[in-house]
1. Starting from 0.36 nm per residue, how many nanometres of slack lie between residue 18 and residue 46 once their C-alpha separation is accounted for?
2. Starting from the Cα gyration tensor of the range 8-99, take the square roots of the eigenvalues, sort them a ≥ b ≥ c, and report rounded, prolate or oblate (rounded when a/c is under 1.5, otherwise prolate if a/b is larger than b/c, else oblate).
3. Averaging sequence separations of C-alpha pairs under 8 Å and six or more residues apart, then dividing by the length of the range 8-99, give the relative contact order as a whole percent.
């Protein structure tokens, strides 16, 4: 029986949603890519800073203040994280973060 193929996008999305949910504690029961950070998840500025810091730690990337300000949805973070991972680890298809 062969191993299932690693899906980079799914990995990033699942890990990102779990990270956002963790940062918001008990205020939300479910987080997905369609959620808007402020309107749907009630993120305030402190929550947003915590999310940025956790995402940076989780994926081993750096997010500038300008990039963070552009992220209005969880999907926006997903696109940003995947782009940064592809830049940092092009030979691995951006999947190097899976080892961390």
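What follows draws every value from the coordinates through simple rules; no lab data is involved. Keep in mind it's a predicted model, so treat the numbers as computed, not measured.
1. Details: separation 28, 0.36 × 28 = 10.08 nm, distance 1.80 nm.
Full-extension gain reported as 8.3 nm.
2. Judged from the Cα gyration tensor, the range 8-99 comes out prolate (a/c at least 1.5, a/b above b/c).
3. 32
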